[in-house]
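Working notes, beginning with the structure itself.
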Amino acid sequence: MNNKDRYIINTNLDKLVNNTNYNALRSECIQRNMLSQTMASRIESMAQDEITRHKKLFEKITKRGPKAFDTLLNICQQMFPKAYSILKPSSNDHQMHSTHNPQRVRSVSCNVAPKAYSFRGPGDVEDGKMNNIASNALVEESKCMLEVYPDILPTTFSVKLSNGPSETHPKVPAYPMKSRNRGVAFIVNVITFLKDVHPKRNGADIDGRNLISIFQQLGFVVFYYEDITMADLKELLVQLKDSEHLSCDCFAFYILSHGDHRKGSDYIFLHDNSILRVEDLLTEFNTVNCTRLVRKPKLFFISICRGVQSDLGLYRLSTNTERDGMIDSRKPLPSNIATYCDMLVCYATVPGFAAHRDTNTGSWFVESMCKIWSEHAHDTDVEILMKLVGEYAATYRTETAALQTICTEQRGFFKQLYLNPGYYELPSEL
């Protein structure tokens, strides 16, 4: 549901409650698959009085995907004429909400017609640096709206639920992961590319379904987008960072596409063939550029190739070394919070090597992660989970015996992170 439709509902809650019948509306929402029986029961168990329950029903509708407003309009048009006139004060507005409106944005794909960029953005390398993703203006205008992805049924992987908080290491504390606002998962899945510059990523749609299901079972609010352009990504990040969704325990960013590793940097290709540098993506969520996530765990999953070599198991000595930086003692530290902290970055493979994807079951990285997380996330912290994912993924082989080694990097990720699926200590907020 776009922000304008959501605003209409939220600012007219009292009027809508007075002009609709809760039981009838609830029944229609379930019949039209806008709500499940479980969601409706949860509303009733959490809201004690009838008016609050009625309002919670409308609030829940605002979070039920891109077609929710049209479905509500149709219900009200047939059963609650006064409520319909509140939601649609004039006939001109109906065109905006019609599912046939060509300007309407789908939650999983929000492409724009390609136009020329008026600036050097990510993908245009200048002196080895790239511009900040969200701060630059574009000639082209993105039609993307931030939309919570509707709940889907579990796929192949069913997450085991936690019986309570896991025991932490006596010397390593854990990030708080007990509230109903458990986390946000922002997933970008680039499957096709304009003008077929890069081959279609067959089987990537399976990855998308599996990831949506896993993160929803973990209690995360999921945003999922396919085949987005650089303009789309910029707009979505602006909306995400301005939203209340980031008032959560944990944030996860998952991107799947073709990519490469050149001169020490990792690059991701988007639908319009623009290039996103991984470092620029991480910069968007550091403590300077995303204060809502300060001291909160931030997980980044980069499912791309980082080269073209197939790993056949031969021993290779790295020729690249890193230099430790030096602190300038003449300059005082600007803050006691590091610019990059509480970040765990997970790559599908190591630099220089290809990542593999099965056209029938999806990528090795995603399939391994979904399997391990569904079986062990209830009692195992995330860093150990990723070790298990790496161990499991290492058992895969191609027809030419090529294998794959996942890679993780932590930036100030000094605490344990238990996902505690199904366990909530704080009061629920619908």
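Checking each residue in the stretch 364-384 for being in contact with a helix residue (DSSP H, G or I) (Cβ under 8 Å, 6 or more places away or on another chain), part of a helix (DSSP H, G or I) and surrounded by 20 or more Cβ atoms within 10 Å (Cβ to Cβ) picks out 364, 365, 366, 367, 368, 369, 370, 372, 373, 374.
The set of residues in the stretch 170-199 being open to solvent by 80 Å² or more (accessible area, probe 1.4 Å) and either at pLDDT 95 or above or under 25 Å from residue 366 (Cα atoms) (or both) consists of 196, 197, 199.
Could you go through the stretch 40-47 and let me know if any residue there is among the acidic types (Asp, Glu), farther than 25 Å from residue 3 by Cβ, touching a helix residue (DSSP H, G or I) at 6+ places or on another chain (Cβ under 9 Å) and at pLDDT below 85. Yes. When residue 270 is tested against (1) open to solvent by less than 10 Å² (accessible area, probe 1.4 Å); (2) farther than 26 Å from residue 389 by Cβ; (3) touching a helix residue (DSSP H, G or I) at 6+ places or on another chain (Cβ under 6 Å), only condition (2) is not met. Of the helices (runs of 4 or more DSSP H) that lie entirely inside the stretch 1-78, those containing 3 or more residues that are closer than 28 Å to residue 424 by Cα span 22-31, 37-46, 50-61. Go through the stretch 22-65 and give me each residue that's on the phi > 0 side of the Ramachandran plot and among the basic types (Lys, Arg). If the condition is that a residue be on the phi > 0 side of the Ramachandran plot and among the basic types (Lys, Arg), then no residue fits. Within the stretch 227-251, which residues are touching a strand residue (DSSP E or B) at 6+ places or on another chain (Cβ under 8 Å), outside any loop (DSSP other than H, G, I, E, B) and under 29 Å from residue 378 (Cα atoms)? Passing the criteria: 240, 245, 246, 250, 251. Residues being open to solvent by less than 10 Å² (accessible area, probe 1.4 Å) and β-branched (Val, Ile, Thr) are represented in the stretch 252-263 by at least one member.
Looking at this structure, is residue 22 open to solvent by 80 Å² or more (accessible area, probe 1.4 Å) and of a type in the set (Phe, Trp, Tyr)? Against the criterion (open to solvent by 80 Å² or more (accessible area, probe 1.4 Å) and of a type in the set (Phe, Trp, Tyr)), residue 22 does not qualify.
For the stretch 229-249, state whether one or more residues are free of Cβ contacts under 8 Å to residues at least 12 places away in the same chain and either surrounded by fewer than 19 Cβ atoms within 10 Å (Cβ to Cβ) or at positive phi (or both). So far as the stretch 229-249 goes, yes, one or more of its residues are free of Cβ contacts under 8 Å to residues at least 12 places away in the same chain and either surrounded by fewer than 19 Cβ atoms within 10 Å (Cβ to Cβ) or at positive phi (or both). Being crowded, with 19+ Cβ neighbours inside 10 Å and either outside any strand (DSSP E or B) or aliphatic (A, V, I, L, M) (or both) is a property that residue 280 has.
When the stretch 296-314 is limited to residues that are at pLDDT 95 or above and part of a loop (DSSP other than H, G, I, E, B), the one that is least open to solvent (accessible area, probe 1.4 Å) turns out to be 297.
The values are calculated or read from the model by the stated rules, or taken from the named source; none is laboratory data. Here the structure is a predicted model, which is why all the values come from computation and not from measurement. Methodologically, a virtual Cβ is constructed for each residue, glycine included, from the backbone with ideal geometry; neighbour enumeration extends over all protein chains shown. The protein model used for the area step is the full one, side chains on, heavy atoms only, and it has no ligands, DNA or RNA in it. Shrake-Rupley method; radii C 1.70, N 1.55, O 1.52, S 1.80 Å.
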